[in-house]
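The values are calculated or read from the model by the stated rules, or taken from the named source; none is laboratory data. It should be emphasised that the depicted structure is a prediction, and the values quoted were computed from it without experimental measurement. Neighbour counts run over all protein chains shown; Cβ positions are idealised from the backbone, glycine included. Accessible surface is based on the protein model in full, side chains and every heavy atom, while ligands, DNA and RNA are left aside. Shrake-Rupley method; radii C 1.70, N 1.55, O 1.52, S 1.80 Å.
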Amino acid sequence: MAKPPLRIGIIGYNFMGKAHSNGWRQTAKFFDVEREPVLQVACGRNEAAVQAFADNWGWQHVETDWRKVVERDDIDVIDISLPQALHSEVAIAAAENGKHVFCEKPMALTLEQGRAMLAAAEKAGVKHYVNHNYRRVPAIRLAKRLIDEGKIGRIFHWRGAYQQDWIVDPNFPLTWHLRKETAGSGPHGDLNSHSVDLAHYLVGDITSVSCMTTNFITERPLPGEGAATFSAGEPSGPQEMGAVTVEDASLMHVTFANGAIGSFEATRFATGRKNHHVIEIYGGEGSLAFDLERMNELQYFSRNDPEEAQGFRTILATEPCHDYISNWWPPGHMIGYEHEFVHAMTDFIHAIATNGDIDPNFADGVKVMAVLEAGLKSAEDNGRRLPVEV
């Protein structure tokens with residue numbers, strides 16, 4: 001018997017558009033989802049480019065006006081794969097038109113926008129999700145299980161670091177990621193949004209922050225034609241320069257509601273680091289450590305092991321007992337970055353079909369935005385410790 005369709009309209013077709021399209025296409029092939037995703041409409045400003053994207057990924061229709069997409073009667077879900085400056089308007093309009101919303105991170109440009117998105121979604125009664133996809137790494141799910149089972153005891157410390165190096169070259173252009181009006185902030189908002197969400201998920205709410213930020217390069221060449229996230233584009237004439245208006249690196253210290261303390265480092269100037277996202281959690285009975293570049297592994301230390309056998313052990317989270325893994329490959333066969341999106345789409349479809357919960361939702365996203373915004377305010381005030389006010 002055919003499953004009822006779940007018709008998707010995607011807004012945006014670059015990096016995240018590809019990742020999301022792959023997720024929607026794969027979920028029903030590997031998981032027993034209640035509704036069959038249908039790639040209904042792809043939307044982007046450049047008609048030729050979005051048509052090529054649709055042809056490649058199997059989207060049935062194309063559109064260049066996102067407002068027309070959110071108003072269509074043949075759409076159930078709006079997938080927002082845009083830069084964060086565009087999230088709020090699209091998400092609010094989608095909710096007002098009765099569409100479920102699957103939104104890429106960071107949730108919004110500001111906390112105020114995030115609150116407005118949450119209010120609109122709750123008023124409309126639609127499902128809403130912020131794609132902090134690292135919650136759906138099997139090793140992270142295992143970490144959550146061990147913490148909930150008390151295996152590491154009372155948590156004392158969180159350490160998070162998210163390090164990249166793609167703008168170390170001073171000749172890398174002034175793309176939208178480096179402008180406050182389009183990005184809101186630099187790695188503090190982009191990379192730390194992932195880290196803060198994981199800290200909320202694994203440790204608990206953050207109650208206060210102290211933060212410092214810095215710039216290493218304050219002026220960059222303007223981007224050429226076709227510039228994107230990691231590419232400079234082609235210069236169209238003499239090279240002009242523009243001011244970098246977001247931070248290049250951030251270091252934030254926090255307190256948690258449960259008494260733990262933590263640190264967050266976010267930078268795009270960690271030479272040699274491409275996507276180095278690490279977390280460490282230290283408790284009274286044990287510790288956990290995770291490195292995204294070794295995403296199938298979790299490091300676990302237990303004080304309850306025999307003294308002569310104590311030490312960090314490496315758990316390979318590819319056995320069928322780990323979340324999601326039984327739907328993929330035989331034990332010992334790795335999964336990767338793209339699988340997190342499939343897991344997210346699977347859980348999102350289930351939430352819609354059962355009228356159940358999905359996390360992180362817009363309420364979780366607002367909590368992340370509150371921490372990040374308090375951090376920026378602290379940095380502007382010489383690192384003064386500030387409360388987090390959701």
(request) For the stretch 375-390, enumerate the residues that are open to solvent by 10 Å² or more (accessible area, probe 1.4 Å) and in contact with a Ser or Thr (Cβ under 9 Å, 6 or more places away or on another chain). (result) 376, 379, 380, 383, 384, 385, 386, 387, 388
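Select from the stretch 1-21 the residues that are aliphatic (A, V, I, L, M) and open to solvent by 50 Å² or more (accessible area, probe 1.4 Å) and write down the one among them that is farthest from the chain's Cα centre (by Cα).
Ranking the qualifying residues of the stretch 1-21, first place goes to 1.
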(message) Under 7 Å between Cβ atoms, which residue pairs at least 6 apart in sequence (or on different chains) link something in the stretch 204-222 that is hydrophobic (A, V, I, L, M, F, W, C) with a partner that is in a strand (DSSP E or B) and open to solvent by less than 20 Å² (accessible area, probe 1.4 Å)?
(response) 206/254; 206/256; 209/252; 209/254; 211/250; 211/252; 222/242
(message) Looking only at residues that are assigned to a helix (DSSP H, G or I) and in contact with a strand residue (DSSP E or B) (Cβ under 9 Å, 6 or more places away or on another chain) in the stretch 56-76, which one is surrounded by the fewest Cβ atoms within 10 Å (Cβ to Cβ)?
(response) 68
(request) Read through the list (1) open to solvent by less than 40 Å² (accessible area, probe 1.4 Å); (2) outside any loop (DSSP other than H, G, I, E, B); (3) under 16 Å from residue 348 (Cβ atoms), then give the number of the only condition that residue 85 fails. (result) (3)
(request) From 141, 135, 159, 145, grab the single residue that is among the basic types (Lys, Arg), outside any loop (DSSP other than H, G, I, E, B) and crowded, with 20+ Cβ neighbours inside 10 Å. (result) 135
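Mind listing just one residue for me: the one in the stretch 230-244 that is in a loop (DSSP other than H, G, I, E, B) and open to solvent by less than 70 Å² (accessible area, probe 1.4 Å) and, of those, modelled with the lowest pLDDT?
First, pick out the residues of the stretch 230-244 that are in a loop (DSSP other than H, G, I, E, B): 230, 232-233, 235-240, 244.
Cutting the leftovers down to open to solvent by less than 70 Å² (accessible area, probe 1.4 Å) gives us 232-233, 237, 244.
Working: 232: 58, 233: 58, 237: 55, 244: 98.
By that ranking, first place goes to 237.
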(request) Scan the stretch 324-360 for residues that are of a type outside the set (Asp, Glu), under 30 Å from residue 386 (Cα atoms) and open to solvent by 40 Å² or more (accessible area, probe 1.4 Å) and jot them down. (result) none
(message) Within the stretch 23-45, does at least one residue satisfy the condition of being open to solvent by less than 40 Å² (accessible area, probe 1.4 Å), free of Cβ contacts under 8 Å to residues at least 40 places away in the same chain and in a loop (DSSP other than H, G, I, E, B)?
(response) yes
(message) Cβ contacts < 8 Å: first residue over 18 Å from residue 149 (Cβ atoms) and in contact (Cβ under 8 Å) with a residue 24 or more places away in the chain, restricted to the stretch 304-323; second residue open to solvent by less than 90 Å² (accessible area, probe 1.4 Å) and not in a strand (DSSP E or B), any location; separation 6+ or different chain. Result?
(response) 318/138; 318/296; 318/325; 318/331; 318/332; 318/335
(request) Output the residue which, of all residues in the stretch 261-295 that are open to solvent by 50 Å² or more (accessible area, probe 1.4 Å) and within 21 Å of the chain's Cα centre (by Cα), is nearest to residue 251 (Cα to Cα). (result) 265
(request) State all residues of the stretch 123-160 that are without any contact (Cβ under 8 Å) to a residue 60 or more places away in the chain and either acidic (Asp, Glu) or out of contact with any strand residue (DSSP E or B) (no Cβ under 8 Å at 6 or more places or on another chain) (or both); if no residue qualifies, say none. (result) 123, 124, 125, 144, 145, 148, 149
(message) Conditions first: (1) in contact (Cβ under 8 Å) with a residue 60 or more places away in the chain; (2) not in a strand (DSSP E or B). Residue 10 passes all but one, so which condition is the exception?
(response) (2)
